[in-house]
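In what follows, a structure is listed as structure tokens, so that the remarks can point back to it.
The values are calculated or read from the model by the stated rules, or taken from the named source; none is laboratory data. For clarity, every value in this text was computed on a predicted model and none was experimentally measured. Reconstructed Cβ throughout: ideal geometry from the backbone, glycine too, with neighbour counts over all protein chains shown. Areas reflect the complete protein model, heavy atoms only, side chains present, ligands, DNA and RNA absent. Shrake-Rupley method; radii C 1.70, N 1.55, O 1.52, S 1.80 Å.
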Amino acid sequence: MLAPPLDNELRMTDARDLAAWLTDNTRRRIPGVVNVPGPEGTTFGDLLTACAQVTAPQRGDGLELRPMADQALLGAGVEPWMEFPMWAPDTPEFAGIWLVSGDRALRTGMRYRPLIDTVRDTWHWLTQEAASQDRPVSAFARRPGIGLDPGREQEILATL
């Protein structure tokens, strides 16, 4: 599986954690603008490893991550953020995107669940949704422009 550099940082917030924090802060009437970027220290490698671990029972254990450098992916025409969701390459357009401070959110009670929990629960939801429609997860329609087309991924992998 094609991947961006595994040590690239990213920050994510589980919608359930955000909802609980917003509800709590509304009750406590805490005013103001607060950034909730997600916990520091998560990498693409962490995310993809969690995804591989959670999905292994359905797809088998044969997943091989094939990371490519940011510039190589850009040179292959991979669209940041859209074809690789959450991928913000080391370019001026994305400079500092993961450096937003979430200190005020933490001081006002924001708590982030472990990444593996978010991945596991999202996969469970997706598989239940697929089962309710009597379809495999792989049959879900892709939204145009979101995610890397599998054929294109194979073309890029063939160049490695």
Fill in the blank from the handout: Counting only protein heavy atoms and leaving out ligands, DNA and RNA, the solvent-accessible surface of residue 91 at a 1.4 Å probe, in Å² to the nearest 10, equals 20 Å²
Exercise for the section: Could you tell me which label, among (1) -0.65, -1.08, -1.40; (2) -0.51, -0.90, -1.35; (3) -0.63, -0.96, -1.26, carries the value of log10 I(q)/I(0) by the Debye sum over Cα atoms at q = 0.12, 0.16, 0.20 Å⁻¹ calculated for this structure? Expected result: (1)
Practice task
First compute the accessible area of the chain with a 1.4 Å probe, then give the percent of it belonging to carbon and sulfur atoms.
Solution key: 55 percent
Exercise for the section: Indicate the helices, whole DSSP H runs only, in the chain that combine a mean Kyte-Doolittle hydropathy of -1.0 or more with a Cα extent along their long axis of 15 angstrom or more. Expected result: 15-28, 44-59, 115-132
Completion exercise
Per DSSP, the loop-located trypsin sites (Lys or Arg not before Pro) within the range 22-127 having at most 13 other beta carbons within 10 Å are 29, 111
Handout entry: the chain, relative contact order in percent, only Cα pairs under 8 angstrom and at least six apart counted
Key = 34 percent
Practice task
Could you give the size of the charge dipole of the range 27-160 about its Cα centre, using +1 on the Cβ of each K and R and -1 on the Cβ of each D and E, expressed in debye and rounded to the nearest 20?
Solution key: 900 debye
Exercise for the section: At 1.4 Å probe size, with every protein chain present, just tell me what the per residue accessible area of the range 76-160 comes to in Å². Expected result: 67 Å²
